[in-house]
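Structure record follows, encoded as C-alpha cells.
A short reminder: the numbers here are calculations on the coordinates, not readings from a lab. What you see is a predicted model; the values in this text were computed from it and never measured. Glycine gets a Cβ as well: all are built from the backbone with ideal geometry, and neighbour counts include every protein chain shown.
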Amino acid sequence: MTLDIRGSLKNTRISKNPSVVVDELLANSIDAFLIRKRDEANAVALQVTLQVKATKADLLGEEYDLEITCEDNGCGLGPEQRKAFLTKDTSYKDDLNIPGIGKCKGTGRVQFFHHFRAVSLSSICREGDGFKHISLPFLRDRKTIEETDFTVEDRDTGEVGTHIQLSHLMPKLRETILSVSSVHRMFTAEAIRQHVLFNLLQRFVSLKDDLGDFQIKFVSDLGGTKSE
Ligand SMILES: Nc1ncnc2c1ncn2[C@@H]1O[C@H](COP(=O)(O)OP(=O)(O)OP(=O)(O)O)[C@@H](O)[C@H]1O
Ligand SMILES: [Mg+2]
C-alpha cells in the first residue's frame, strides 16, 4: 500500500482557510480519542497539546519558518490507522459507527502536505498486553509513503497517543496565507484558542460525556515571543 503524496496534492486542493492544518490535526486527535474510548473501559480524559513555532524572520522574511506539532492521547497509529493513513480518500472512519465521528472525506492529511515539506510522527498504541511504538521519520519532500516507511517496535510500557510534527513551510505560503504578519496575528496561543473554541464548541458540547474533563493546551513561540 502506498500513499502517493504528489498524486493526492493534485486531486485535493489546498484549503483557503489558513487554519486548516490546526483544524485537521485537532479533528484527528479527537477522533483518535473516541476510537481509544471504544476499546478501553476506563480511558482517561482527552489531552491534546498543540504547539506553533515560528522562527525569527530576517528583514526580508527569508529566515522565517513555521512548525506545528500536535500531541494527543488518542488510540495511536495501530495497523488499522496506518492502513487508513496510506489509503487515498480513506473511508476508514465512515464504518466505525462511533457516535461523534461523522462522515469523513478521508483527505485531512493532504492539507499537511500542501502546507509543509516534512510530516513526521511518533505514536504508541496498545497491542494485546503490550505496546507498539510507531514512527514515521523526518524527511523533506517525500513523494510517497509506504508501509515500510513506518518503523514499528515493541514496548513494554508507554503512554498511548500520537505526536505529529509538521515542519518546513512551503515557500510560496510565506508570501501568501501564512506570511510572517498573518502568522503573528493568527497563531498566538490565545488566537488559536479562540478559533478552536468557535469552531469546535458544538462538538465539545455534544461530546461532553465522552471527552471527560478534557484539556487542550495551546503553546506558541512566534519569533521568541511565547504564549500558552
Ligand atoms: N492523531 C491521530 N491518531 C490516530 N490516527 C490518526 C491520527 N491522525 C490521523 N490518523 C489516521 O490517519 C487517517 C487519515 O487521516 P486524515 O485526516 O487524512 O483522514 P480522516 O481523518 O480519516 O478523514 P477527514 O480528515 O477527511 O475527516 C485517519 O483515518 C486515522 O486513521
Ligand atoms: Mg482527519
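A few notes on this one:
- For the pair region 114-134 / region 135-207, the C-alpha centres are spaced 13 Å from each other.
- Region 98-144: chymotrypsin sites (Phe, Trp or Tyr not before Pro) in DSSP coil with no more than 16 other Cβ atoms inside 10 Å: Phe138
- Difference of contour (0.36 nm per residue) and Cα-Cα distance, Lys226 to Arg140: 28.3 nm
- Kirkwood hydrodynamic radius of region 2-227, from inverse mean 1/r over distinct Cα pairs, in Å: 18.2
- Ranking Val152, Gln111, Thr188 by how far each Cα lies toward the positive end of the dipole of the chain (charges on Cβ) leaves Gln111 at the top.
- Flagged links, alpha-carbon separation over 22 Å, of Lys103/Lys132; Lys105/Lys208; Lys83/Lys172; Lys93/Lys208; Lys143/Lys217: Lys103/Lys132; Lys105/Lys208; Lys83/Lys172; Lys143/Lys217
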